[in-house]
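Reviewing the structure listed below.
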Amino acid sequence: MTKIIEGLVKGNVRSLAKAITVVENDRPGKKELLKAVFPQTGNAYLIGITGPPGAGKSTLTDKLITLLRQQGKTVGVIAVDPSSPFSGGAILGDRIRMQQHALDEGVFIRSMATRSHLGGLAKATVDVIHLLDAAGKDVIIVETVGVGQDEVDIVKIAHTTVVVMVPGLGDAIQIAKAGVMEIADIFAVNKADREGADKLVNELRSMLDMATGDWKPDIFQTVAKNDQGIADLLAGIYQHREFVQNAGLDKEKFKSNVQRELCTYLMDGIVELAQACAGYESLVQAIYQKEMTPLEGAEKLFQEMGINNEWLMVGGDNAEKG
C-alpha cells in the first residue's frame, strides 16, 4: 500500500487506478490509504454534469476535457453509470465518447457503478474524488447517471453544477422537475441546432426571472458534437467559480462535505452493527408478520447495541417532555 500511496501523490496513473479499486471495492488498506491522502485534498475544483438521459452529457464532458487540457489543466473524470444487475459493475464502462483522452496522462477517467445507490451518484464517489484531488488533478468532473430528478445529490459535492437540457424531450416536463432545476448553477441547452431550442431557452429564462439569491444561473446553448458553445460554457463555469471563491462558498462546501461523509460512514456502521445483532432476523420476521412496527424494531436493535434511542421517540413520550 505504501508504494500505491507514494505513486498516487506523484500523479502516477497506475497507482491512482489501483487506489480507486481499493476504495471502490472496500479492499484491505482502504482506511490507511484514505488517511494518508486526505491531508493532500481540497485543491481541485469540482464540476458536476447532470441532466436527463439523452441530453449529450458525455459528449459535452468530452469537449470540456479537451478545452481544459488546451488550457494546461489536468482533469479527473468520474462517470457514474447504471449498475449491471448481474455483476454490479458499471454497464457502460469507461465512456466510449471520451476514449480520445485514454493516452493523455493529464486526464484520468473512471466509470463507477451506482450499485443501486439513489441520488445519481455512486456510494464511493466522494472517496474517489479525494484520490483524484490528492493525485494533483486541477479539475474533477463528475458526470451523473442521468436518472432525472433523483440525481440532485450532485449539488452536495460539486462547486459548480451544470444541468444539461435538450430540446425535444418534453420541455415543460423538464422545467417542472424542480428537484433538478433548482440545483443548477449553469444551464447548458445542448443539441441547440434542434427545433425547439429557442423555446426551451425562453422557458428557462422565464423560470429564472423568479429565482432569488445572489447567483442567477446563466444559460448557454451548445452543440457539443460540433464544438459549438463549449468555450462560452467553460467561461461561464469559471465565472461561477470566481463567485464561489469570492463568497467563501468553496470552504463552506468542503466543511459540509466533511460532515456528510462522516454521517455516511456512521450510518453504514450502525446498519452493519444492527445486522450483526443476534435478534436481527427475528425482528425482520416479526415486522413482516406485522407483530411490531419498523420503528419498534429499530428501538429494540438500538437497545441491544447499547445506544440511547430517545431520538426515535418523535411524537411519542419524549414529545410531551419537550
Worksheet item: How much FRET efficiency would the formula 1/(1 + (r/R0)^6) give for residue 280 and residue 254, where r is the Cβ-Cβ distance and R0 is 30 Å, rounded to 0.05?
Response: 0.25
Practice prompt. Could you calculate the FRET efficiency of residue 100 with residue 235 from 1/(1 + (r/R0)^6), where r is the beta carbon distance between them and R0 is 35 Å, rounded to 0.05?
Written response: 0.95
Worksheet item: Among 241, 194, which comes first, then next, by fewest other beta-carbon atoms within 10 Å?
Response: 194, 241
Worksheet item: Can you list residues whose amide H is under 5 Å from residue 228's amide H, if they're 5+ apart or on another chain and H is modeled 1.01 Å from N?
Response: 223
Worksheet entry | Which of 77, 166, 223 has the fewest Cβ neighbours within 10 Å, and the rest in rising order | 223, 166, 77
Practice prompt. Under 26 Å Cα to Cα from residue 300, which lysines show up? Leave out anything in the same chain fewer than 8 places away.
Written response: 290, 321
Worksheet item: When N counts the residues of the range 256-311, how does its alpha-carbon radius of gyration compare numerically with 2.2 N^0.38 Å, as a ratio?
Response: 1.28
Practice prompt. Would you kindly state how much longer the chain becomes between residue 10 and residue 303 on full extension, computed as 0.36 nm times their sequence separation minus their alpha carbon distance, in nm to one decimal?
Written response: 100.7 nm
Worksheet, complete the sentence: residue 305 neighbourhood, Cβ < 12 Å, K/R = +1, D/E = -1, net charge -2
Worksheet item: Can you list residues whose amide H is under 5 Å from residue 220's amide H, if they're 5+ apart or on another chain and H is modeled 1.01 Å from N?
Response: 187, 188, 189
Practice prompt. Could you please rank 254, 108, 302, 187, placing first whichever residue has the fewest other Cβ atoms within 10 Å of its Cβ?
Written response: 254, 302, 108, 187
Item to complete: Calculate the dipole size of the range 181-221 relative to its Cα centre from +1 charges on Lys and Arg beta carbons and -1 charges on Asp and Glu beta carbons; express the result in debye to the nearest 20.
Response: 120
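Values quoted throughout were computed directly from the atomic coordinates according to the rules given, and no laboratory measurement underlies them. Note that this is a predicted model, so its numbers are computed, not measured. Heads up, the Cβs are rebuilt from the backbone with ideal geometry, glycines too, and the neighbour counts pull from every protein chain shown.
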